[in-house]
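The values are calculated or read from the model by the stated rules, or taken from the named source; none is laboratory data. Since the structure is predicted, the reported quantities are computational estimates derived from the model, not experimental observations. Ideal geometry is used to build each Cβ from the backbone, glycine not excepted, and the neighbour counts take in all protein chains shown. For the accessible areas, the whole protein counts, side chains as well, though only heavy atoms, and no ligand, DNA or RNA atoms are used. Shrake-Rupley method; radii C 1.70, N 1.55, O 1.52, S 1.80 Å.
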Amino acid sequence: MRDAVVVADVHTPADVHGVHAAKGHSRWTCLARRTGLHGGWEAVEWAWLPPGGVSGEHRHSRTEELYFLLSGRGEITLDGRPHAVRAGDTVLTGLGTRHGLRNTGRRPLAWLVVELTATPAPKEQPVNGHRSTVVRDLRGHGPLDASTVLTGPLRTVRLTHLPPGGGTAIDAHGEEHTVFVTGGTGTARATGSHVSVARGTSLTLPLGTSAWLNAGPEGLEFFHAALDVPEDQS
């Protein structure tokens with residue numbers, strides 16, 4: 001069991017060739033894994049495609065995913081239906097949905113992936129009956145209740161902006177959290193230590209931990225997802 005906040009960043013990604021059987025290369029890094037976490041996480045990841053790059057179509061039979069577009073423009077296919085997406089958009093991919101992503105812009109496309117264990121449908125129902133959706137511009141949309149689309153433990157998803165010098169506390173009590181800095185700079189204080197945070201820094205809070213985020217002179221913006229942890233898993 002972890003008793004400390006997990007800090008990671010995207011500065012040394014791996015090169016991946018043929019992601020999901022597609023031609024070309026991409027970049028990828030894992031920011032947190034489910035080992036040591038109490039909730040139904042699979043992984044928190046960062047991924048990147050060059051202009052024209054493709055993450056091949058594939059289906060998850062056990063997990064569901066959230067994509068948050070960090071930069072660029074692209075086209076995501078959900079069960080054969082294409083949807084244009086761009087930085088700021090969120091994609092909720094339900095259990096059994098076939099999906100793939102293509103970079104249709106002139107600049108690299110980067111996105112955050114939160115993969116979670118889904119609640120399976122009853123045996124008499126087909127696996128791919130759950131909904132998937134694209135939520136336009138999370139900045140303008142405000143807090144998103146992921147449970148209205150997904151079956152698993154993912155709950156509130158939001159973008160938070162702290163003004164220069166502003167601060168906020170995140171406490172992992174009855175839920176776990178993942179945070180990804182999308183702009184600005186600042187510091188995070190957790191378990192008696194201080195770390196500097198900037199664009200590309202990730203914090204994942206296991207159950208029972210807490211962190212205080214404080215914005216620097218540029219302010220601080222971060223993606224924040226909360227995952228419910230049932231009592232029998234805590």
Inset, instruction - Look at the stretch 57-101 and say how many of its residues are at pLDDT 95 or above, open to solvent by less than 10 Å² (accessible area, probe 1.4 Å) and not in a strand (DSSP E or B). - result: 2
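Working only within the stretch 194-210, note down all residues that are part of a strand (DSSP E or B) and over 19 Å from R33 (Cα atoms).
Here is the first cut: in the stretch 194-210, the ones part of a strand (DSSP E or B) are 194-198, 201-205, 210.
Listed by number, the residues that qualify are H194, V195, S196, V197, A198.
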Inset, instruction - Within the stretch 102-122, work out how many residues are under 15 Å from P51 (Cβ atoms), assigned to a loop (DSSP other than H, G, I, E, B) and touching a Gly at 6+ places or on another chain (Cβ under 8 Å). - result: 4
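Looking only at the stretch 130-153, which residues are of a type in the set (V, I, T) and not in a loop (DSSP other than H, G, I, E, B)? Before you say what the answer is, go through the steps one by one.
Looking only at the stretch 130-153, we keep the residues that are of a type in the set (V, I, T), and these are 133-135, 148-149, 151.
Those that are of a type in the set (V, I, T) and not in a loop (DSSP other than H, G, I, E, B): T133, V134, V135, T148.
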Legend entry - the stretch 27-46, residues that are modelled with pLDDT of 95 or more and touching a helix residue (DSSP H, G or I) at 6+ places or on another chain (Cβ under 8 Å): W28
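Among the residues of the stretch 187-225, which ones are open to solvent by less than 20 Å² (accessible area, probe 1.4 Å) and at positive phi? Let's see the steps before the verdict.
Taking the stretch 187-225 as the starting set, the residues that turn out to be open to solvent by less than 20 Å² (accessible area, probe 1.4 Å) are 188, 190, 197, 200-206, 209, 211, 213, 215-216, 219-220, 222-223, 225.
Selection gives G200, G219.
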Legend entry - Residue list for the stretch 182-193, filter: of a type in the set (G, A, S) and in a strand (DSSP E or B): G183, G184, G186, A188, A190, S193
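Is it fair to say G24 is at pLDDT below 90, open to solvent by 30 Å² or more (accessible area, probe 1.4 Å) and either among the aromatic types (F, W, Y) or farther than 28 Å from A226 by Cβ (or both)?
Answer is yes for this residue.
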Legend entry - The one condition in (1) buried (at least 20 other Cβ atoms within 10 Å of the Cβ); (2) within 18 Å of S202 (Cβ to Cβ) that T35 fails to fulfil: (1)
Inset, instruction - Look at T160 and say whether it is open to solvent by 10 Å² or more (accessible area, probe 1.4 Å), modelled with pLDDT of 95 or more, polar (S, T, N, Q) and under 16 Å from the mean Cα position of the chain (by Cα). - result: yes
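Of T168, T191, T160, T133, which residue is touching a residue at least 60 places away in the same chain (Cβ under 8 Å), more than 23 Å from R33 (Cα to Cα), out of contact with any Cys (no Cβ under 6 Å at 6 or more places or on another chain) and of a type in the set (V, I, T)? Walk me through how you get there before you give the answer.
Numbers: T168 fails: touching a residue at least 60 places away in the same chain (Cβ under 8 Å); T191 fails: more than 23 Å from R33 (Cα to Cα); T133 fails: touching a residue at least 60 places away in the same chain (Cβ under 8 Å).
Exactly one residue qualifies, and that residue is T160.
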Inset, instruction - Tally the residues that are in a strand (DSSP E or B) and either closer than 24 Å to E175 by Cβ or open to solvent by less than 30 Å² (accessible area, probe 1.4 Å) (or both), restricting the search to the stretch 38-56. - result: 10
Legend entry - Filter result for the condition that a residue is in contact with a Lys or Arg (Cβ under 8 Å, 6 or more places away or on another chain) and in contact (Cβ under 8 Å) with a residue 60 or more places away in the chain, over A84, A43: A43
Inset, instruction - Would you check which residues across the stretch 19-33 are farther than 14 Å from H177 by Cβ, touching a residue at least 24 places away in the same chain (Cβ under 8 Å) and of a type outside the set (S, T, Y) and list them? - result: V19, H20, A21, A22, K23, G24, H25
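Quick grid of which residues meet (1) modelled with pLDDT under 95; (2) open to solvent by less than 60 Å² (accessible area, probe 1.4 Å); (3) under 30 Å from K23 (Cα atoms):
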site	(1), (2), (3)
P108	no, yes, yes
P120	yes, no, no
V134	yes, yes, yes
T168	no, yes, no
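Check G174, G192 and return the single one that is modelled with pLDDT under 95 and touching a strand residue (DSSP E or B) at 6+ places or on another chain (Cβ under 8 Å). Walk me through it before giving the result.
Working: G192 fails: touching a strand residue (DSSP E or B) at 6+ places or on another chain (Cβ under 8 Å).
On inspection, the qualifying residue turns out to be G174.
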